[in-house]
There are 6 protein chains.
Amino acid sequence: MFTHLDENNRGQMVDVSAKGITKRVAIATGKIHLKKETIDAIKQIKTKKGDVLAIAQVAAIEGAKRTPSIIPMAHPILLTSIHVNFYFEGEYLHCECEVSCEGKTGVEMEALTACSAGLLTVYDMCKSMDRSMTIEEIYLLKKTGGKSGEYIRERK
Amino acid sequence: MFTHLDENNRGQMVDVSAKGITKRVAIATGKIHLKKETIDAIKQIKTKKGDVLAIAQVAAIEGAKRTPSIIPMAHPILLTSIHVNFYFEGEYLHCECEVSCEGKTGVEMEALTACSAGLLTVYDMCKSMDRSMTIEEIYLLKKTGGKSGEYIRERK
Amino acid sequence: MFTHLDENNRGQMVDVSAKGITKRVAIATGKIHLKKETIDAIKQIKTKKGDVLAIAQVAAIEGAKRTPSIIPMAHPILLTSIHVNFYFEGEYLHCECEVSCEGKTGVEMEALTACSAGLLTVYDMCKSMDRSMTIEEIYLLKKTGGKSGEYIRERK
Amino acid sequence: MFTHLDENNRGQMVDVSAKGITKRVAIATGKIHLKKETIDAIKQIKTKKGDVLAIAQVAAIEGAKRTPSIIPMAHPILLTSIHVNFYFEGEYLHCECEVSCEGKTGVEMEALTACSAGLLTVYDMCKSMDRSMTIEEIYLLKKTGGKSGEYIRERK
Amino acid sequence: MFTHLDENNRGQMVDVSAKGITKRVAIATGKIHLKKETIDAIKQIKTKKGDVLAIAQVAAIEGAKRTPSIIPMAHPILLTSIHVNFYFEGEYLHCECEVSCEGKTGVEMEALTACSAGLLTVYDMCKSMDRSMTIEEIYLLKKTGGKSGEYIRERK
Amino acid sequence: MFTHLDENNRGQMVDVSAKGITKRVAIATGKIHLKKETIDAIKQIKTKKGDVLAIAQVAAIEGAKRTPSIIPMAHPILLTSIHVNFYFEGEYLHCECEVSCEGKTGVEMEALTACSAGLLTVYDMCKSMDRSMTIEEIYLLKKTGGKSGEYIRERK
């Protein structure tokens, strides 16, 4: 049932040897609730030169690459692309990450970890202004490739 | 305003040299929405021998320790304790992390990163059963120590 | 003779470009000598809920994944599975690790490193009770795949 | 009893906040059993220019530094020195590591991990000649500093 | 003579236990030679929104933090600040990094490693336009604190 | 133009999914300027037993393997070989690194990062004798494989 637990219910890294190498893509999303003044500050700085989001973007990309060391049972994977997109909507800053590989195992953990790292970095960059930020609704939007096939979830 | 940006609005690791060494504690929380059958499966396995949460707990602790490599502008810190607590409430599995240090800079990013790593690992362990899990409401509950003093937030 | 040394006898990471991609499996084993009361404590805790071995198991799996950063001349490898098994026998707790990949180079270092990390973690978890534990007899039990073919060693 | 397990018997990183900062030293030892021809090869290369042991020595030092990422519940520590010594005795190559810090927690895991990493690297460097090497008797020789005071174990 | 080599001339991490904790600062510099069109492209992108240098800046900061894992004999250090500055001068893009800590050992390797990581990242970001870039003249500009006292070098 | 920047000019890890898997090799070079007495010291130690360069060599190899964590937009790659060569010429110690893989993306960043890590380590090992060393002229000598084909640069 839990593919990550062996017959003694202890952790294992599940065997993917027999799986085929296919192109796999996963898209995850998440958001952080910010005060209006924090949103303005991020935007303004951005129109000047600085860029909170440039740093968060790097963190998201590195988060995707570092997934096998953050998630104990995750397989090492040769990622072939990572795209990160931040956008504002109302009181939220959204982070959407698309990760792909050609391999024997999917990249949804990479996409989810990228979103988390990106949003945590936004928190870190803004916490001197406001500590009441909340990270919300991190979930898988879409995944293709692999034996379990396509998964698509409607945006909340 | 953004203490992590220098006068060119580029990232820097802010100078904490002049800050005093004080005991600092931070508590963060977060939760993941699960199907009833996933909750049952986690609980049942747990009453046997296996333990999804034991693995997620390790991931949370390691996430706290690894924070300076996940969050670009975070300072390296000598953490003195990390406590992680998972509990179920309705359709949610909660993860609460308390981190402390004696140092020149706080540990709220460590607590938030620990929660994120713990919840992402729960997702990873359960994703073969359900891909519609959502990680929700990761935020700082409390922080003490340091110049900015105590911060307490009511539980949502 | 030493394939890891170049003509100046300095370290190199040997060229495996020309090697074929085959399924490779390695099994390594090791054990730690414990006092009877430490064994009892590990077992009892386990029958309750806690689980020293669950944590050591995670450490072993992560040790396998982290091998190329622990062993200077080891190649990065895409591991396809890691299984860890702890069992008690007399005054010993054994740790046996099976690692597999499909690649150009074998995974025996991964299996041996996994055993070492698992046993070191048992030591760490139990050292407040006893400091006289000894880690013993870490060796390769079996290896298949690759040009050098199968290697099987009798259990000591 | 197990200081690394909380009241639910799950892993925690134990609180060392209240501990004093003292100078702490730990010495660990371990050995690897080698065929006579492997010992000769290591020695000969060494008398030329190359040096299997130089590489294993680096691995041991890096292993000590990397301990908090290899051992899940280990605290980050500011190590102040690491000395590694390899010597031959009969059919064995010994690795002895002395690690020190000034901190709130001891360095015995660092010394033990250093020995393990050093010996695993010797295995890696020599495995093209012989796969029947065995790593044996890794244990703590001595530890000073800290509340639990001095621990000395006779050499086996 | 070589403080990093023990009496057998093998690597060690030198003992800094007896050193005092003082504020230590180091400034390093380096530059990369670029074609005029590459300089223009970096500048233009920057005046729009994108920012090659924002990414290189993150890499430099992370390089400073990661120094003990890149430089085998470097001590782990609690850095208290990292400032990175990129500026253009003729056919060169300069990278200057100031790192500080309060500790028992200096931070010049951290400053030099930060410069190297920053300039390598500029190379990586621009290599699709030009592969003939050259990284030049990475050296220590200034260092204060510690037993060896102040070191100041004239800018080349 | 900058393949590492998306349409908002923020960082991305470029998509290499469609690229073919070919054998790719890159050779990079760099050098460090040393005082005559430092060169003599390195050489003499080497003729005894110790070996500054053995340690720098390990650092270079590990630098190549660690490239995707040092260079933010670099892809993870399965390196198949790393060769490092140090040689003296006049007032300089040169470091030349050849890295190869079979993959979808090239290894020039790996070769350049290896040179940088090797030369920084030489600096670290010798800095107690002299702080006026300068790292100079790190550049790509040659690269083969991949869509952009062969690149050869004359030695400066």
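Among the residues of the range B:124-135, how many are of a type in the set (A, V, I, L, M) and open to solvent by 10 Å² or more (accessible area, probe 1.4 Å)? Give the derivation first.
Residues of the range B:124-135 that are of a type in the set (A, V, I, L, M), as a first pass: B:125, B:129, B:133, B:135.
Next, from what is left, pick out any that are open to solvent by 10 Å² or more (accessible area, probe 1.4 Å): B:129.
Number satisfying all stated conditions: 1.
For E:Ala56, state whether it is closer than 21 Å to E:His83 by Cα and facing chain F (nearest Cβ under 10 Å). Criteria met by E:Ala56. Taking every residue in the range A:139-152 that is in a loop (DSSP other than H, G, I, E, B) and pairing it with any residue that is surrounded by 16 or more Cβ atoms within 10 Å (Cβ to Cβ) and not polar (S, T, N, Q), at least 6 positions away or on another chain, the pairs with Cβ-Cβ distances below 6 Å are A:Gly145/A:Arg24; A:Gly146/A:Arg24; A:Gly146/A:Gly106. Within the range E:17-29, restricting attention to residues that are modelled with pLDDT of 90 or more and in contact with a Ser or Thr (Cβ under 7 Å, 6 or more places away or on another chain), the residue that is most open to solvent (accessible area, probe 1.4 Å) is E:Lys23.
Look through F:Val58, F:Val25, F:Val16 and report the one residue that is under 20 Å from C:His4 (Cβ atoms), touching a strand residue (DSSP E or B) at 6+ places or on another chain (Cβ under 6 Å) and not in a helix (DSSP H, G or I). So that I can check it myself, show each step before the final result.
On the way: F:Val58 fails: not in a helix (DSSP H, G or I); F:Val16 fails: under 20 Å from C:His4 (Cβ atoms).
Answer to the selection: F:Val25.
Could we say that B:Glu91 is open to solvent by 10 Å² or more (accessible area, probe 1.4 Å), touching a residue at least 24 places away in the same chain (Cβ under 8 Å) and under 19 Å from A:Thr134 (Cβ atoms) here? Yes.
Would you say C:Glu96 is under 15 Å from D:Tyr123 (Cα atoms) and either crowded, with 24+ Cβ neighbours inside 10 Å or touching a residue at least 24 places away in the same chain (Cβ under 8 Å) (or both)? Talk me through it step by step, then tell me what you get.
Working: under 15 Å from D:Tyr123 (Cα atoms): no; either crowded, with 24+ Cβ neighbours inside 10 Å or touching a residue at least 24 places away in the same chain (Cβ under 8 Å) (or both): yes.
For C:Glu96, the condition - under 15 Å from D:Tyr123 (Cα atoms) and either crowded, with 24+ Cβ neighbours inside 10 Å or touching a residue at least 24 places away in the same chain (Cβ under 8 Å) (or both) - is not met.
Applying the set (1) open to solvent by 30 Å² or more (accessible area, probe 1.4 Å); (2) more than 22 Å from A:Ile21 (Cβ to Cβ) to C:Phe86 leaves exactly one unmet item: (1).
The lone criterion from (1) within 25 Å of D:Gln12 (Cα to Cα); (2) within 12 Å of chain D (Cβ to nearest Cβ); (3) open to solvent by less than 30 Å² (accessible area, probe 1.4 Å) left unmet by C:Ile39 is number (2). Selection of the range B:85-118 for residues being part of a strand (DSSP E or B) and more than 18 Å from B:Val52 (Cβ to Cβ) yields B:Glu98, B:Val99, B:Ser100, B:Cys101, B:Glu102, B:Gly103. For the range D:37-55, the set of residues classified as part of a helix (DSSP H, G or I) and either modelled with pLDDT of 95 or more or of a type outside the set (D, E, K, R) (or both) consists of D:Thr38, D:Ile39, D:Ala41, D:Ile42, D:Gln44, D:Ile45, D:Thr47, D:Val52, D:Leu53, D:Ala54, D:Ile55, listed by residue number. Among the residues examined, F:Ser69 does not qualify as open to solvent by less than 10 Å² (accessible area, probe 1.4 Å), within 10 Å of another protein chain (Cβ to nearest Cβ) and modelled with pLDDT of 95 or more. Taking the range C:53-92 as the range and being over 27 Å from D:Cys126 (Cβ atoms), within 14 Å of the chain's Cα centre (by Cα) and of a type in the set (A, V, I, L, M) as the test, the residues that pass are C:Ala56, C:Val58.
Of the residues making up the range D:1-26, just one is farther than 30 Å from B:Tyr87 by Cβ and within 12 Å of chain C (Cβ to nearest Cβ), namely D:Ala26. Condition test on E:Thr105, is it more than 7 Å from chain F (Cβ to nearest Cβ) and touching a residue at least 60 places away in the same chain (Cβ under 8 Å)? It is true that E:Thr105 is more than 7 Å from chain F (Cβ to nearest Cβ) and touching a residue at least 60 places away in the same chain (Cβ under 8 Å). Per this entry, D:Thr113 is not counted among residues that are surrounded by fewer than 24 Cβ atoms within 10 Å (Cβ to Cβ), among the polar types (S, T, N, Q) and within 27 Å of D:Lys147 (Cα to Cα). For the range C:136-153, the condition holds for no residue, the condition being that it is of a type in the set (Gly, Ala, Ser), buried (at least 24 other Cβ atoms within 10 Å of the Cβ) and in contact with a Gly (Cβ under 7 Å, 6 or more places away or on another chain).
For E:Thr121, the criteria (1) open to solvent by less than 10 Å² (accessible area, probe 1.4 Å); (2) outside any helix (DSSP H, G or I) hold in every case but one, which is (2).
The values are calculated or read from the model by the stated rules, or taken from the named source; none is laboratory data. Predicted model only: the values in this text are computed from it and were never measured. Using ideal geometry, Cβ is built from the backbone for each residue, glycine included, and neighbour counts are taken over all protein chains shown. Note: accessible area is taken over every heavy atom of the protein model, side chains too, but ligands, DNA and RNA are not part of it. Shrake-Rupley method; radii C 1.70, N 1.55, O 1.52, S 1.80 Å.
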